[in-house]
Structure formats: C-alpha cells, structure tokens
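See structure below.
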Amino acid sequence: MGAGKTTVGRQLAKRLGRRFVDADHEIVARTGVSIPTIFEIEGESGFRRREAQVIAELAAETGLVVATGGGAVLDPANRIALSNSGLVVYLCVPPRLLHERTRHDHNRPLLKVADPLARLQELYDQRDPLYRAVADIVVESSGGSQHMVKLIEHEVRSRCAA
C-alpha cells in the first residue's frame, strides 16, 4: 500500500505503449462498490477471492502493464499466474515511507488499526519475502515515481531486447 504501483504502472505503460490495468480498480468496476465496502461486507477473504479471479484473467492477456493490490502476492495461485504471464516488478518501499504516503488515506481497510505504522511493518515483513521470490525486477526506492519508471523501463527494454 502506497508503494506507487498505480502511478508507476500507468506511467510505465504509457512509455512502453501498453495498456494499463489496475487490478483493484477492475474489482471496483466489476462490483460497483469500493474496496472498503467489499471488506466490510465480505471480509478480506471475500476480497481476496475476487482479486484472484481478476488476476487470473489479466494474467491470461498479453501486452498489459498490471498493478496488483499489495496483498495479491499472499495467494500462491496469484504468484504462479503473475510469474507465468510476464515480468513481475516489486516496488520495495520502506514501511516508514509507506506510512507517510498513506496516513491520511481513509480507504485502506488494513490500516484501520491503532498503530498503522506497526501494521505496515507487519505487512512488509510478511509480504517482502514473497515479492522477492516472485519478482523478476526489484526496485528498492524511497524516491519518486519518475525515477522508478525510468529504472523499470530500462530493465524491461533490455530484457525484451535480449
């Protein structure tokens, strides 16, 4: 959450001449309700089922730049689908910076806790090894999105040219 997946993904897609899809936005479009509402009605497990279905469908397409939700990597089926569908990029951002970026955002159901920074650290500790295991490219960054986009574009173009 707050790593910049949507911003970076949208900019990267534009630079690569690809279509961009945000998996969370796709879920909202299909259900007609916000992610916090899905969490409220169906819980995290209901949201994760919907997320897995969207990821499986997107992974079957070609020529896309896809931003997944931060927790998509928790499902082994999602990791397999993503690994088999193209290059996977992990935007690794320290929890403290994620906290700064998300602290005023009230649309983050997993951060509606007494200590959001501790929760971000917990999520990072849980997810980081999974992201690193599935990622083809890891961008360690505390900088801006333009820098990350340029790094990823260079890496994608060099790998696709090889």
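What number in nm² do you get for segment 1-40 if you take the convex hull of its Cα atoms and divide its surface by four? Walk me through the numbers before you get to the answer.
Working: hull surface 12.7 nm².
Mean projected area for segment 1-40: 3.2 nm², to one decimal.
Quick one: pull the percent of accessible area on segment 15-162 belonging to carbon and sulfur, 1.4 Å probe, ligands and nucleic acids left out.
Details: 4180 of 8230 Å².
Carbon and sulfur: 51 percent of the exposed surface of segment 15-162.
Dipole of segment 15-65 (Lys/Arg Cβ +1, Asp/Glu Cβ -1, origin at the Cα centre): which of A29, Q53, G63 lies farthest to the positive side?
Value: G63.
Once Lys and Arg get +1 and Asp and Glu get -1 on their Cβ, which of T6, G17, L120 lies farthest toward the positive end of the dipole of the chain?
G17
Could you list which residues have their amide H under 5 Å from that of D22, counting only those 5 or more apart in sequence or on another chain, with H placed in the peptide plane?
For D22, the qualifying residues are A67.
Can you give me the solvent accessible area of H106 with a 1.4 Å probe, rounded to the nearest 10 Å²?
Solvent-accessible area, nearest 10 Å²: 140 Å².
Which residues in segment 51-81 have a backbone N closer than 18 Å to a point placed 7 Å from the Cα of T37 along the Cα-to-Cβ line?
Within reach of a label on T37: 51.
For K112, project a label point 7 Å along Cα to C-beta. Then give me every residue of segment 45-75 with its amide nitrogen under 16 Å of that point.
Label zone hits: 45-48.
Roughly speaking, what is the centre-to-centre gap between segment 45-79 and segment 90-157 when only Cα atoms are used, to the nearest Å?
17
Relative to the Cα centre, what is the charge dipole magnitude of the chain, using +1 at the beta carbon of each Lys and Arg, -1 at the beta carbon of each Asp and Glu, and rounding to the nearest 20 debye? Don't skip to the end; give the middle numbers.
On the way: 22 positive and 20 negative charges, 96 e Å.
Roughly 460 debye for the chain.
Distances over 22 Å make up what percent of all Cα-Cα pairs in segment 1-158? Walk me through the numbers on the way to the answer.
Values: 4976 of 12403 pairs.
So the pairs more than 22 Å apart make up 40 percent of the total in segment 1-158.
Using only C-alpha atoms and all pairs of different ones, pull out the Kirkwood radius for segment 80-155 in Å with one decimal.
13.8
Taking the Cα-to-Cβ direction at R127 and at H104 and moving 7 Å from each Cα, how far apart do the two end points lie in nm?
That separation, rounded to one decimal, is 2.2 nm.
The values are calculated or read from the model by the stated rules, or taken from the named source; none is laboratory data. Only a predicted model underlies this, so the values are computations on that prediction, with no experimental measurement involved. All Cβ positions, glycine included, derive from the backbone under ideal geometry; neighbour counts span all protein chains shown. Heavy atoms of the whole protein, side chains included, go into the accessibility calculation; ligands, DNA and RNA do not. Shrake-Rupley method; radii C 1.70, N 1.55, O 1.52, S 1.80 Å.
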